[in-house]
Amino acid sequence: MSALQPRYLLRDELQQLLDDGRSAYTLRADRAGLRQRVDPTVEALAKAAVTSADQDPARGSAGDHLKRAWTAAYALHPEPGKAYGEAIKAVEAAAHATVEPNNSKATLGTMIKVMENTRDRWVVGIGSEPSSAGAETVARMMRLLWTGQTSRHGGSHPTRDETVAEARAAVHLAVALLNFFTDGILAKKPPES
């Protein structure tokens, strides 16, 4: 092929070479650089979570934060601290309208406390009858995400930066949690009549 062909054709050719060679890398969505390849099914779940969050104004900037978390986690040169922090912000934005809609200063930590202190008010629609047992699992998932990032605060004990593996786990956990909130899987129990 000629060196004078349009850039988009060169990028298509590069993508084909990467695919044919089963490379660990692929072109970024903007096609201006490389990123690490992710299983297509996993990537589709993340894109669906972003789309759901973007379509629900009550979820604020959850989709934008999740996109930034994903990009930082799977960049050619990953930024684990940024990925982890953005994953937490994505969950905070997605959960806010459901868990603490009247608290303008809600954080993941305050929302976890609300859920843990009001366990009987929450249900997860799994099984024939929605149950509060599933809501406890969601709260534990939120706590795991929140406590896993040790670098977010200073203190008398030394902190360490998150690893790439920890950041990616946080991003995947955020994907699942966004789906719980944006799809209404976790909800407040209706008042008894």
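The values are calculated or read from the model by the stated rules, or taken from the named source; none is laboratory data. Values in this document were obtained by computation on a predicted structure and should not be read as measured data. Note that each Cβ is placed from the backbone with ideal geometry, even for glycine, and that neighbours are counted across all protein chains shown. What goes into the accessible areas is simple: the full protein's heavy atoms, side chains included, and nothing from ligands, DNA or RNA. Shrake-Rupley method; radii C 1.70, N 1.55, O 1.52, S 1.80 Å.
Starting from the amide H of Leu34, placed 1.01 Å from N in the peptide plane, find each other amide H under 5 Å away whose residue is 5 or more places distant or on another chain.
Hits under the 5 Å cutoff: Arg28.
Can you tell me the dipole magnitude for segment 33-152 around its Cα centre, using point charges on the Cβ only (Lys, Arg +1; Asp, Glu -1), in Debye to the nearest 20? Please report the intermediate quantities before stating the final value.
Values: 15 positive and 13 negative charges, 72 e Å.
Around 340 debye, computed over segment 33-152.
Keeping every protein chain present and rolling a 1.4 Å probe, give me the accessible area per residue for segment 54-193 in Å². Working shown, then result.
On the way: 7500 Å² over 140 residues.
The answer is 54 Å² per residue.
What is the P(r) of segment 40-107, as percent of Cα-Cα pairs per 10 Å bin from 0?
Bin by bin from 0 Å, the calculated values are 23, 47, 26, 4, 0.
What's the carbon and sulfur percent of the chain's accessible surface, probe 1.4 angstrom, rounded to a whole number? Spell out each step's value before the answer.
Working: 6170 of 11290 Å².
The nonpolar share, carbon plus sulfur, comes to 55 percent.
Could you state the per residue volume, in Å³, of the convex hull enclosing the Cα atoms of segment 7-70?
Here the figure is 91 Å³ per residue.
Against the longest principal axis of the chain, how steep is helix 164-182, in degrees 0 to 90 to the nearest 10, with axes from Cα atoms?
60 degrees
How far apart, in nm, are two points set 7 Å out from the Cα along the Cα-to-Cβ line at Ala176 and at Leu9?
4.7 nm
Points 7 angstrom from Cα along the Cβ direction at Ala32 and His157: gap in nanometres?
With each label placed 7 Å out from Cα toward Cβ, I get 4.1 nm.
For the Cα atoms of the chain, what angle does the longest principal axis make with the long axis of helix 40-55, in degrees from 0 to 90, nearest 10?
Approximately 60 degrees, to the nearest 10.
What full-extension length gain, to one decimal in nm, is calculated for Glu136 and Thr150 as 0.36 nm per residue of separation minus the Cα-Cα distance? Display every interim value, and only then the final one.
Values: separation 14, 0.36 × 14 = 5.04 nm, distance 2.29 nm.
In short, 2.8 nm is gained.
Which angle between 0 and 90 degrees, to the nearest 10, do you get for helix 108-117 versus the longest principal axis of the chain when only C-alpha atoms count?
On a 0 to 90 degree scale, this one is about 40.
Once Rg and Dmax of the Cα atoms in Å is worked out from the coordinates, which option in [x] 16.3, 58; [y] 15.9, 45; [z] 19.5, 74 does it equal?
[z]
Taking amide H positions as placed 1.01 Å from N in the peptide plane, with prolines and chain starts having none, which residues 5 or more places from Lys189, or on another chain, fall under 5 Å of its amide H?
Distant-sequence amide H within range of Lys189: Trp122, Val123.
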